[in-house]
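Everything below concerns the one structure shown next.
Values in this text are rule-based calculations from the coordinates and carry no lab data. Keep in mind it's a predicted model, so treat the numbers as computed, not measured. Positions of Cβ are generated from backbone atoms using ideal geometry, with glycine treated the same way; all protein chains shown enter the neighbour counts.
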Amino acid sequence: MGAAAIRVVHSTRSSRIGVAGFALLFVMLAAAPFWAERSDLRLLVEIFTYVALASLWNLLAGYAGLVSVGQQAYVGLGAYILFGLAIFAGINPVWTIPIAGLISAVIAIPVAFLIFRLRGHYFAIGTWVVAEVFRLLAAQIGPLGGGSGISLPVATVTAIAETRQMREFLIYWIALALLVVILGLIVMLLRSRYGLALTAIRDNETAALSNGVNVTRTKLVVYVITAAGTAMIGALIFLQKLRISPDVAFSVNEWTAFVIFIVVIGGVGRLEGPIIGTIVFFLLRETLADLGALYLLMLGIVAIGVMLKAPKGIWGYVADRFGWELFPLARRVERRDGPPP
Amino acid sequence: MASILTLDGISKRFGAIVIANDVDLAVKKGEALGIIGPNGAGKTTLFGVITGTVPPDSGCVTFDGRDVTRLPPDQRCRMGIARSFQIPQPFGGMTVFENLVVAAAFGQGRSEHDVYAQSHDILERCGLAAKANRPASSLTLLDRKRLELARALATAPQLLLLDEVAGGLTEHECEALVDLIRDIRKTGITIVWIEHIVHALLAVIDRLVVLHGGAFIAQGDPQEVIRSPQVNEIYMGIPADA
Amino acid sequence: MEWVNTIVQGILTGGLYAMFAAGLSLIFGVMRLVNIAHGDLIVLAAYVALVVTETLGINPLVSLAFVVPIMAIAGYVLQRTILNRTLGDDLLPPLLVTFGLSIIIQNALLEIFTADSRKLNAGPIETASIEVLPGISLGVLPLLQFVLAVAVIAAMQFLFYRTATGRAFRATSDDQPVSQLMGLDNRHVFALAMALSLAIVAIAGVLLAVRANFDPSIGPARLIFGFEAVIIGGLGSMWGTLAGGIILGVSQAIGAKIDPGWQLLAGHLVFLFILAIRPQGLFPKVQ
Amino acid sequence: MPEPLLDIRALDAFYGDFQALFGISLAVPANSVVSFVGANGAGKSTLLKSIAGLMPAKADAITFDGEAIGDKPAYDVAKRGIALVPEGRRLFPSLSVEENLMIGGQLGRAGPWSLARVYELFPVLFERRNTSATALSGGQQQMCAIGRALMANPRLMMCDEISLGLAPIIVRDIYARLPQIAAAGITLVIVEQDVAQALKAADHVYCMQEGRIVLQGRTGDITRKAVSAAYFGV
Amino acid sequence: PANAQSKVIKIGNVSPRTGPLAGFGEADPFIIDQVKGILAKGIQSGGKTYSVEIISKDSQSNASRGAEVAAELILRDKVDLILASGTPDTTNPVADQAEVNEVPCITTNCPWQPYFFGRKGDPKKGFNWTYHFFWGLEDIIASFTALWDSAPTNKVVGGMFSNDADGNAFGDANLGFPAALPKAGYKLVDPGRFQLMNNDFTAQISAFKAANVEIVTGVFIPPDFATFWSQAAQQGFKPKIVTVAKALLFPSAVNALGERGNGLTTEIWWSPNHPFKSGLTGQSSKELADAYVKAANRPWTQPIGFQHALFEVAIDTLKRAKSLDPKAIRDAIAATDYQSIVGPVKWTGQPVKNVTKTPLVAGQWQRKGANLDLVITANKPAPQIPVGGKMELLS
Ligand SMILES: Nc1ncnc2c1ncn2[C@@H]1O[C@H](COP(=O)(O)OP(=O)(O)OP(=O)(O)O)[C@@H](O)[C@H]1O
Ligand SMILES: Nc1ncnc2c1ncn2[C@@H]1O[C@H](COP(=O)(O)OP(=O)(O)OP(=O)(O)O)[C@@H](O)[C@H]1O
Ligand SMILES: [Mg+2]
Ligand SMILES: [Mg+2]
């Protein structure tokens, strides 16, 4: 059989439907300022940021096998960069978002060299300690409020756009754009050689090395991209919150544990997982948050329940059951002379 | 003919166990070399030294005229050293075909699309084409061993290190494997093969070395080496009356 | 002399960390389970002790006779009903489930006991001290805590490496199906390990409750030091965990002496430094 | 015919939706040596795992010493005196060699096998008794795995491809000792790729193909040719 | 329906009900119930009758969640007025959201400096939408020094300031204790800001011993104070006076210290003995505290008065508002002149724009039978509040 007799396909029918669906959804969301309420916009921004954080974490843990419980380091870093640049350099907060991404990428490189020496659980704890170090260092920066925290001056916020409405729209669109860019980048990355290398490393690092995969560089690329993305989202989140303090900016619960909840509930190692997980998370929060302690109690129970009943997450369960895949990454070989796909 | 691989004064020990004590070895281009030795002699470890997963205590490894002693495994692979693992190490979450694509794309440093056809060809040669879209984790032992071999081939090696690829195969399967390795040889790839299934080994190799106690205690013509009393005593164990 | 005092007190703090870490180290060594709820379980133990001392009117240190078995049983049940089902090669499920457990415990305690700050009174022993050298007084309670930590760790080390139970722990942790072939019921073995871990948690909880105020939310704060102690020591090495705790305690004390702002930071930096040099920890027993 | 030690009736086994065994029935008399041969993927390992309790089965599909054990968990089966030397050795990496052996003996079943006897059988294990089991070479690991199973003093010992990866001298050695093990009162079930070896060692041989037994017979009555024919499914 | 809807006034309230600061919000259900009872018939404002809806949310003691629920109240529930209380972690994020979203906001239960400067407020400009009433650092310094003046000491003070909003404010080099104490004739030993949830205070204790400190002051959270206080005893450090904020606020925390809680001193914002009456319910301080103790079956706490006053001020404001336009409500807040259960509330531009102060005294936890009771022992900064006893030295 000759070389021409095969072809390799990525997509399935459900994935083509999926892509069309996403395009439609994007158009609808982009137009949200014209049909949604102010409160909906704000909620959507929050949802976008969680989808982005979860997708980035999923890239790191689910694809690169780097289970980090310290991504709050970059959320906080991005946020502090935004506050620092906006307050002291007078830069428009909107522009500080990409700068936060860049600076964090640079900072992530030496951090990676340190924590890449650790494996598995040690890596997880190591990332957490690094985030603690970031938090404690932030608490030592007096001009940014030290341990007390600081608010973004009202003038800085109002300078973003002329009217309150324009400002809200602008932030909404930035959030949407950031999410689309991050998701797009992840899909592209995973469909590229890097995606292959990542899956290989996750499955068997020794074998990957022996097959010519530069393991360290591949992981580094993913780590740095994740750090940059997480930092930009962090900056955006705190542009919405207007106030920062080390405990909040580097909160392990909020920016990592809940994110892990989301990814695992949705389905880890699948691109759809973080989206499904975020929807579930927000549904729970919107319906139950006013119950206070009971709400958190129930959140814990849901997380444990999903983990025990559907360990591959909700999307994993559905995908296995019905063979759905919205973003297929597998490369299937088909024979040209065989039955049509 | 020039040596493609030389080991110069390699020493390696794990605590009190001496794997290699100032070992020298030269493998000629195009040669098929067999390595035997008692269990635990250090054969697999030697492969680790050659591929870069096990750092030697001293000595140097030269491949294709370059000192590679300090290079990481992935770089050595791209230079043309490929190995199969004694205990198969598939990328379990990927399909068989993707396993090959990884090896071909990264082992040769080529783009993914360029290696599709080639990867599929190798799968056919190794008898895995029918299972191309199956997850590698679902393969049986035989197929895993085939996959090991196929992946090593996909990196387009100059030097192929095989670690007990015939173990656990039936006679029939073993014969097919021997044919395949012979074919590979014909394409000019140098082969170093560790095997306990001696008859399979003898069917392929030109030269046999015996590793024992940290040194090559015998080497040369396979038939002669295998019949030598020393090798019989420590390795074959054929009783005198047989 | 002031420096000597700093270091000695740091060592005593190290005893506290080692106490927190001992239970973690045990289950980490046996099950590779990173128990995020460990800190909350310590707080839970403190509340159990509170209820026991209040209903029986006994000294908190005596209440250990009740709290230890109660927590051990809780650990056995917890492992059999929930945690056993999360174990495997993947480190995420236990991470997630114990995190869920952590918020469940915190919020359940809040519902039951409110956010009030509580403390157990052990009487004059709390403030008693011995002056070992002029200028250096050691609190009896921290000293007791240190001695208890050493004793617990010595017992664990012995159990782990010298007894059939310890062997069963390690074998089951390596390969569950095969350990079953050896006649070991893996679910039972793990549950025993968790029971033991929570027995240690009970001791840590009572000491915590005597040492300082507690409320439902303080569990996670010290958890990270426990993990650090385990990792600095190396997987599977109980003495390593003690050493890890002491290293942390002393580095923090020295950091604090330089500037209180550097106290916690110093501990973390030393942790990262050690791992950069020895990623497997100081005295690893297991790969 | 005396009551068989192990009696299997209509045993099925599944991996998810995939059926690996189809209605296997056979009987293993006490103090016999039985071997299974068959191509890769025939289901030999699955059969042994089912007997050992590592695969779900119906209670009465497997009877051992008169008791239905099909639904018993593996640790319970082990207590009754069935030991398995698993495919791929599967030693405990965090235990030393000696501890690996000791854990095999932790059920405390009485019998001839002790640490000393195992070391006598495999002297190299004695030399390396204090090292971690992972630091053994493949062959040494296999010896350790056999020793570990022996330490349980089982009544039935099942060996899954014990010659895999062993130097010929060791293979010969082990097979030379099987009669000795059998003579000590252990019934043996051996899975082997090498037909000659299987025929030589066993009293009774079963040929498996795609989850079914396609040929069986006493080793005296069955020819190597017949086995080969069944083996390759021709 | 549009007409009916316009007759509802919505008040949003954010306080910490769960998490480490839950003590601050614990009286809210009681207070809201009481207020709802009074407002059952609605309120008169601008000649119309409105029914009042109070939507209360939990900040979970977390600034991030605080910002989130504030945004929800403003954007989704469209509240007309937003209230927040209970340390900067809740007041500041809520006030920030109100400010940029242009919704009137009143806050309390947080010293004014961390509120004002922590929000990057400019004393010249102030804020447009957000108002605060409470006391400030100058008051706490004055009441602490008044307390210390009443007993003979060597006037060497050890400062324990945590690295959080309160601790940094207290320890601020210009506005806090370090600048003020020397002026009052005290010498301050300040080893530096410590991180919360500390396990070892040896460094500070050694420094205090070396400097012969007789008075300890500062801000702690309860677990940290308990650790400090037992370590002090173990390491042989015996100050004569210990006056700390926050950690000794709640009776539960002090009672938990057992005998070691007796004699500790702290600031008093409000107590049942305060000579103020609620302009809304007519209750005296004592009556309010008793009603709470009866309803909740828990001891009274200082935040109760302020949580109550917050609703009082809010309702007073709404009654005076010319319309439900945010600006009208904001103007009504600015024009407040009200007698609350914690004293008069009137924004006069002092100490800074948008902030007004309530009186502060200091006192000592003293054993009265089985429990410790907080007795006012120094009232120099606010003589209208009567003292109830005399401070005793610890050793
Ligand atoms: N864990 C598993 N999951 C799914 N399928 C499996 C699994 N293990 C084995 N199988 C399948 O069950 C069938 C029987 O496998 P088994 O391992 O019993 O064969 P075997 O005769 O022992 O072969 P070998 O000689 O390769 O060891 C094979 O088709 C195999 O693919
Ligand atoms: N990481 C290690 N640490 C300590 N000892 C090791 C390590 N790896 C291998 N060894 C030891 O080195 C020796 C050689 O092992 P190796 O696997 O190379 O043998 P081998 O010749 O391939 O044997 P086999 O034919 O059984 O596969 C063995 O005694 C083994 O125990
Ligand atoms: Mg080998
Ligand atoms: Mg098998």
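Here is how the numbers come out for the structure above:
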| read-out | value |
| --- | --- |
| Cβ charges +1 (Lys, Arg) and -1 (Asp, Glu), total dipole of the stretch C:2-277, debye | 440 |
| Mean shadow area of the stretch D:90-139 over all directions, Cα convex hull, nm² | 3.6 |
| Approximate spin-label separation residue A:40-residue D:10, in nm, with each point projected 7 Å along Cα-to-Cβ | 6.2 |
| Relative contact order, percent, chain A [alpha-carbon distance under 8 Å, six or more residues apart] | 34 |
| Dipole in debye (nearest 20) - the stretch E:278-335, about Cα centre, beta carbon charges: Lys, Arg +1; Asp, Glu -1 | 80 |
| By average C-beta atoms within 10 angstrom, highest first, the peptides D:203-213, E:37-47, D:176-186 | D:203-213, D:176-186, E:37-47 |
| Size of the stretch E:90-192 as Cα extents on the principal axes (Å, biggest first) | 52, 26, 24 |
| Cα lying deepest toward the dipole's positive end in the stretch D:6-232, options D:143, D:190, D:43, charges on Cβ | D:143 |
| Reciprocal mean inverse distance between Cα atoms of the stretch E:300-395 - Kirkwood radius, Å | 15.8 |
| Under the Debye formula (equal points on every Cα, no solvent term), log10 I(q)/I(0) of the stretch D:32-160 at q = 0.10, 0.13, 0.22 Å⁻¹ | -0.33, -0.55, -1.29 |
| If the convex hull is drawn through the Cα atoms of chain B, its volume per residue in Å³ | 127 |
| Cα gyration tensor shape of the stretch C:103-238, rounded if a/c is under 1.5, else prolate or oblate by comparing a/b with b/c | oblate |
| Residues of type lysines that residue C:285 reaches as a straight line, Cα spacing below 27 Å, ignoring anything fewer than 8 places off in the same chain | B:12, B:43 |
| Cα centroid separation - the stretch B:5-21 against the stretch B:177-242, whole Å | 21 |
| Highest to lowest packing among D:60-72, E:300-312, D:31-43, E:373-385, scored as the average C-beta count within 10 Å | E:300-312, D:31-43, E:373-385, D:60-72 |
| Charge dipole (the stretch A:1-160, unit charges on Cβ, about Cα centre) - positive-most of A:56, A:8, A:102 | A:8 |
| Calculated on alpha-carbon atoms, Rg and Dmax of the stretch E:124-260 in Å | 15.4, 52 |
| Taking all pairs of distinct alpha-carbon atoms in chain E, Kirkwood radius in angstrom | 21.5 |
| Highest average packing first - B:85-91, E:161-167, Cβ atoms within 10 Å | E:161-167, B:85-91 |
| Hull volume in cubic angstrom per residue (convex hull over the Cα atoms of the stretch B:95-156) | 62 |
| The stretch C:2-277 - Debye-derived log10 I(q)/I(0), Cα point model, q = 0.08, 0.12, 0.15 Å⁻¹ | -0.32, -0.74, -1.14 |
| Residue mean of other protein chain beta carbons inside 10 Å, C:208-214 | 6 |
| Dipole axis of chain C (+1 Lys, Arg; -1 Asp, Glu on Cβ), positive-most option in C:110, C:4, C:193 | C:193 |
| Column: log10 I(q)/I(0), Debye, Cα scatterers of the stretch C:182-284, q = 0.10, 0.12, 0.21 Å⁻¹ | -0.37, -0.52, -1.17 |
| Chain A: translational diffusion in µm²/s, Stokes-Einstein, Kirkwood Rh over Cα pairs, 10 °C, 1.306 mPa s | 75 |
| For the stretch E:362-395 and the stretch E:286-317, distance of Cα centres in Å | 21 |
| Quarter of Cα convex hull surface for the stretch D:65-105, i.e. mean projection, nm² | 3.6 |
| Alpha-carbon spread of the stretch A:42-172, three principal axes, descending order, Å | 50, 34, 23 |
| Volume of the Cα convex hull of the stretch E:201-294, divided per residue and given in Å³ | 113 |
| Candidate lysines for bridging to residue E:357, where Cα separation is under 25 Å - those fewer than 8 sequence places away on the same chain excluded | E:120, E:124, E:125, E:183, E:246, E:277, E:286, E:319, E:327, E:346, E:380 |
| Rg [Å, one decimal], Dmax [Å, integer] - the protein assembly as shown, C-alpha atoms | 36.8, 122 |
| Per-residue average of Cβ from other chains inside 10 Å of A:242-254 | 6 |
| Angle between chain B longest axis and helix B:141-154 axis [Cα atoms, degrees, rounded to 10] | 80 |
| Cα-Cα pairs of the stretch E:289-333 separated by more than 13 Å (percent) | 61 |
| Rounded to the nearest 20 debye, dipole of chain E from Cβ charges on Lys, Arg, Asp, Glu | 600 |
| Semi-axis lengths (Å, descending) of the ellipsoid that matches the C-alpha gyration tensor of chain D | 27, 20, 17 |
| Tilt relative to chain E, helix E:88-101 - C-alpha long axis, 0 to 90 degrees, to 10 | 30 |
| C-alpha center-to-center spacing [the stretch D:110-152, the stretch D:1-41] in angstrom | 28 |
| Rg over Rh, two decimals, the stretch A:84-234 (C-alpha only, Kirkwood Rh) | 1.05 |
| Orientation-averaged projected area, Cα convex hull of the stretch C:72-163 (nm²) | 10.6 |
| In the stretch D:6-232, lysine pairs closer than 29 Å at Cα, eight or more apart or cross-chain | 13 |
| Acute angle (nearest 10 degrees) that the helix A:272-288 long axis makes with the longest principal axis of chain A, alpha-carbon atoms | 40 |
| In Hz, Karplus ³J(HN,Hα) per residue of the stretch B:221-230 (6.51, -1.76, 1.60; θ = phi - 60°; x = Gly, Pro) | 4, x, 4, 5, 4, 5, 8, 4, x, 4 |
| Average beta carbon contacts from partner chains per residue of A:128-135, 10 Å cutoff | 5 |
